[in-house]
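Working notes for the structure below.
Please treat every number below as a calculation from the coordinates, not as lab data. Owing to the predicted nature of the structure, the values given are computational and were not obtained by experimental measurement. Because the Cβ atoms are built from the backbone with ideal geometry, glycine has one as well, and the counts that use them run over all protein chains shown.
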Amino acid sequence: MNAEKPGTTTLAELQDSHHPELVRADMRAFIDWLKENDEIIVVGEAVDPRNFELSAIVQHSENGPNKAVLFENVKGFDIPVVANLYGTVHRTAMALGVVPTDEQIKKYYDDPRGSPGALAGMSGRKMNGFSMDPRSRAELILIKELLMDADRRAYRKEMPYVMSSSAPCQEVVITENIDVLGLLPVVWHLKQDAGPYITPGGLVQKDPDNGLLNIGVRRHMVSHERYAPNQIGVQIGTQTPGGKIIQKYHDRGEPCPMAICLGPDPATQILSTYSSPHYWMEPPYSEFDMTGVIRNKPLELVKCRTIDLEVPANTEIVIEGLSPPPPDNKIDEGPMMEFTDYSGTVVESIPYMEVTAITHRNNPIFHTCMSGNSEEHRVGCIWSFFGYEQMALELIRKQFPHVVDIGIYAGSHAFHAVVSMKKTYEGEDRQVLQYLLATQYFKFVTVVDDDIDPHNSEQVEWAKATRAGRRPEDYIISPQMPTWEMDPEIDTHWRVTKLGILATRDIGESYTQPAPEPAMMGKMRPIFEKYAY
């Protein structure tokens, strides 16, 4: 099979589609823009954030027009709540200033990077490749290219963040008698969740070794039954950049400063879900530098009021706090419905933060992301998976330079990686497969030849059907392998059985796709065109 390689996007094409002047400076400006473009439903009826009324209305939107929803009247609070804000590829494109041209919409319609197969199963409702319109497919591919370009340019420090003397996020400062559930309309999304959760708050931390700032979306349980009023759970993977930062402070016997940013500017919010290609290593720059590239203007930060940390100045709400060091630094958390459509058991021994301040803008807006299989949850995961692809590719090429490409299917929730490579010796494909299975992220790994596009699910399925199974060892089952905490099949030690498939030809074994000879094709083209057009 002759692989149809993913369509390339030139720098000129990216520049044609990206309009930094459209990237809004803060979340409320973006909400105003959504109102102007009929992309948001404004609900005036009083709704309860803790008994699933709010969640049910968001679900109705997802099942129907799939618009963002702004709740102006939230029972018990003077703070409006907005949900499903970035719940479509199109709204995400609007947030990032991505506007594909008509030519790009035509060009990318059949591009495997936005294909139905690659996205199948990503959502049972709106967010899947089979129902995506041509514009959204083009937007999806261009967003990926924009994030990759911003990553490279941030690495070169083209638009680093700057400090600001103006602090809209600190127009109101609360440092005493802090009761998080009493002060903020934290939403209890689903009955299967253990309680109210702050999500998608971007957790900001600072690496104590190099001073680099990191922001990443975490889930934060808030509970009067389990925690003190000023305590918040911090569910964070130990191998993530944020998890490593916490460990660095705790190894020194020091509390880790952290701040939850609820409602930063749209670009920063989306980038907080993005996993950099440096995810498994020490990131050489901050996501805030990527925001500057996307906006073509440095992001302005301000110093927190009670901790040594900086946050985006235009954030709607900031929760400042400290994660205490051992021995008394762990609490129980969960369950919460995750993007896999499953909820795990109670997770023992996760860090928590003691809130030292809540600051916010005048008349703030509280952004919540529905747990489980919500559209905003799933769409946010796609940007994370894009980073995983590049991260895995850069990592594995250091050991195996003949790897051509890697595709990670959003429909598998990033559990399935497909690797294309040009084997130089027998067994090299097995080494690549076992290398990736040994990581905590991939549960299934398929290795194909370099004539197969790993982003094209039809080609991958064809290779599995026709090039695997000659020998029993083409199928590799690895029991009790480490995985990540989002896998619903993990045991108590976070282990799972993994599967690898070698769908490659033996070296020297050729394959030619059946077709008439090129000379005959050329000879017959004039006759075909004479009668066909």
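Numbers at a glance
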read-out	value
Set of lysines with alpha-carbon distance to K191 below 27 Å, sequence-local pairs under 8 removed	K67, K75, K126, K330
Length added when fully stretched, K330-K191, from 0.36 nm per residue minus Cα-Cα	47.6 nm
Cα long-axis angle, helix 375-397 against the chain (0 to 90 degrees, to the nearest 10)	60
Distance between region 195-217 and region 56-95 - C-alpha centres, whole angstrom	23
Ellipsoid equivalent to the chain - semi-axes via the Cα gyration tensor, in Å	41, 27, 22
Centroid-to-centroid separation of region 445-512 and region 370-436 [C-alpha atoms, Å]	11
Within region 33-53, backbone nitrogen closer than 20 Å to the virtual label 7 Å beyond the Cα of R226 toward Cβ	49-52
Cα convex hull volume per residue for region 35-120 (Å³)	127
Volume per residue that the Cα convex hull of region 340-427 spans, once the total is divided by residue count, Å³	204
Additional length obtainable on full extension of the chain from E394 to E458, 0.36 nm per residue less Cα span	20.5 nm
Which listed pairs, of K107/K423; K35/K107; K423/K464, have C-alpha distances above 22 Å, in listed order	K107/K423; K35/K107
Label-point separation in nm, Y425 to T238, each point 7 Å along Cα→Cβ	3.5
Two-site FRET efficiency, N362 against L11, from Cβ-Cβ distance with R₀ of 45 Å, rounded to 0.05	0.60
Reachable lysines from K443, criterion Cα separation under 16 angstrom, eight or more residues apart if same chain	K498
For the chain, calculated [θ]222 nm from helices alone, where every DSSP H run of n ≥ 4 adds -39500 (n - 2.57)	-9000 deg cm²/dmol
Cα-based reach from K248 at 15 Å (exclusive), listing aspartates and glutamates while leaving out same-chain residues under 8 positions away	D207, D209, E282
Nonlocal amide H pairs with R505, under 5 Å, H built at 1.01 Å	D449
Over 23 Å [Cα-Cα, region 399-503], rounded percent	23
